[in-house]
Amino acid sequence: MFNITKMLTEFNTYGDQLRYDKDCSKSPIGTRPGLGPVVAWNINSQCNLNCKHCYSNSTAVKKDETLNTKEAFALIDQLANFKVPVLLLSGGEPLLRPDLFNLIKKAKSRNLRVVISTNGTLLIEKMVEQLKSLGVSYIGISLDGLEAVNDQFRGKNGAFNAALDGIRICQKHGQKVGLRFTINQDNYQQIDELFQLIEKENIPRICFYHLVYSGRGENIKEAELNNLDKKMTIDKIIDWTQYFIDQGDPREILTVDNHADGAYLYLKTKENDPEQAEYIYSQLLKSGGNRSGSAIANIDHKGDVFADQFSRFRTLGNIRENKFSEIWQDQNNEFLNKMRNRKEHLKGRCADCRFLEICNGNLRARAYAADDLWGADPGCYLSKKEIGGDL
């Protein structure tokens with residue numbers, strides 16, 4: 001994640017402390033020394049929607065191989081013992097899991113910070129009241145455009161309005177909530193309207209995800225923006241971030257899954273404010289770029305462990321067979337070792353890029369989808385001139 005608001009202000013959140021601490025990039029197995037990775041756990045693979053870009057290929061069918069409550073409790077203990085700083089409960093649709101409240105209670109009893117990623121359509125009053133009372137730190141709700149676009153992309157009429165109702169109910173009960181938006185050909189021209197919605201509804205946080213060709217996302221590679229449209233989209237996001245700052249009401253605005261955004265903001269800022277640009281670059285150095293396999297881990301519904309949510313092409317192990325700590329610290333795992341020391345394995349544009357120290361080769365899952373795990377990330381939109389030359 002790349003926090004644009006922090007780059008332009010003194011904004012500082014709990015997540016920023018995990019991303020921009022001076023020692024973050026020095027930890028091969030966690031967000032920073034002494035802590036484990038943020039874990040995104042797909043607690044089920046059942047969903048009431050059918051999104052085109054779903055990395056987990058979730059369906060309406062409940063899977064028998066899903067970890068049961070006893071196994072889930074044991075996993076939570078393992079993650080707490082490994083000092084995981086954040087446990088993100090995802091799916092599928094996590095709100096469909098019958099023992100969700102018990103999982104949250106267990107995680108909170110072990111002092112884990114719990115956040116939820118949901119499509120928001122099931123967030124009725126009683127559900128939100130319970131989640132708030134259990135101490136859920138944050139709920140991220142996915143909207144991938146305004147009504148017609150979102151509902152078509154997510155495979156169900158009424159999904160937009162149901163999700164918006166969920167956001168409003170969270171706001172009503174003081175439950176921190178924000179939006180998740182995956183940028184694609186169908187919705188990038190709605191960025192301004194989306195920000196108008198954010199302002200109208202007083203939504204404090206939004207994460208803009210770049211498209212990743214994983215799961216069902218492999219079938220919509222053509223929905224990727226060209227480089228010019230990507231830059232135009234990021235420009236709009238930056239401008240809206242600055243707008244809220246200028247209004248004295250900054251929102252937490254982040255982009256996800258493309259560390260070219262950091263380099264792009266640095267270059268853009270350097271033109272008019274070299275001092276701010278140096279601050280941006282210093283923060284990006286602390287972060288160390290993409291840290292899949294180090295600062296982020298993924299566990300699917302059946303206990304398989306991955307370097308991130310999108311790297312389902314390489315299973316690291318299964319928690320039914322080995323503890324998470326053993327899997328994550330396996331010094332004989334060649335793939336993990338390469339991911340954690342990837343600079344020496346990268347090829348092409350990524351190997352030669354002057355921003356390698358702040359990008360770390362971007363997202364390997366996209367490179368893999370383009371047929372070369374260590375080749376250039378096709379999602380990078382920086383020109384040859386921008387990635388070359390002196391800083």
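Annotations
- Inverting the pair-averaged 1/r between distinct Cα atoms of segment 203-295 gives 14.9 Å as its Kirkwood hydrodynamic radius.
- At q = 0.07 Å⁻¹, base-10 log of I(q)/I(0) for the chain (Debye sum, equal scatterers on each alpha carbon): -0.29
- Karplus (6.51, -1.76, 1.60) ³J(HN,Hα), θ = phi - 60°, over segment 176-182, in Hz, Gly and Pro reported as x: 4, 9, x, 9, 10, 9, 9
- The chain - mean residue ellipticity at 222 nm from DSSP helices (-39,500 (n - 2.57) per run, n ≥ 4, rounded to 500): -11000 deg cm²/dmol
- Taking the convex hull of Cα positions in segment 36-165, its mean projected area over all directions (nm²): 7.7 nm²
- By DSSP, the beta bridges lying fully in the chain are antiparallel in about 15 percent of cases.
- Take the Cα of K200, step 7 Å toward its Cβ, do the same at N318, and the gap between the two points is 4.8 nm.
- Our coupling estimate for segment 364-379, obtained by passing each phi through the Karplus curve with A = 6.51, B = -1.76, C = 1.60 and θ = phi - 60°, is 5, 4, 5, 4, 4, 5, 8, 5, 8, 3, 9, x, 5, 6, x, x Hz, Gly and Pro reported as x.
- Nitroxide proxy distance, nm - points 7 Å out along Cα→Cβ at K70 and E10: 5.4 nm
- Gain on full stretching of the segment that runs from N219 to D165 - 0.36 nm per residue minus C-alpha separation: 16.4 nm
- Extension gain, N81 back to D273 (0.36 nm per residue minus Cα-Cα distance, nm): 64.7 nm
- With a simple spin-label model that places each label point 7 Å from the Cα along the Cα-to-Cβ direction, the separation between K236 and H345 comes to 3.7 nm.
- Measuring r between the beta carbons of N50 and E386 and using R0 = 35 Å, the FRET efficiency lands at 0.40.
- With viscosity 0.890 mPa s and temperature 25 °C, the Kirkwood radius over alpha carbon pairs of segment 213-255 converts through Stokes-Einstein to a diffusion coefficient of 200 µm²/s.
- With 30 Å as the limit on Cα-Cα distance, the pairs of K156/K200; K6/K105; K70/K286; K52/K343; K106/K200; K26/K323 that go past it are K6/K105; K70/K286; K52/K343; K106/K200.
We did not get these values from a lab; they are worked out from the coordinates using the rules stated. These numbers were taken from a predicted model, which means no experiment stands behind them. For neighbour counting, all protein chains shown are included, and Cβ atoms are generated from backbone atoms with ideal geometry for every residue, glycine included.
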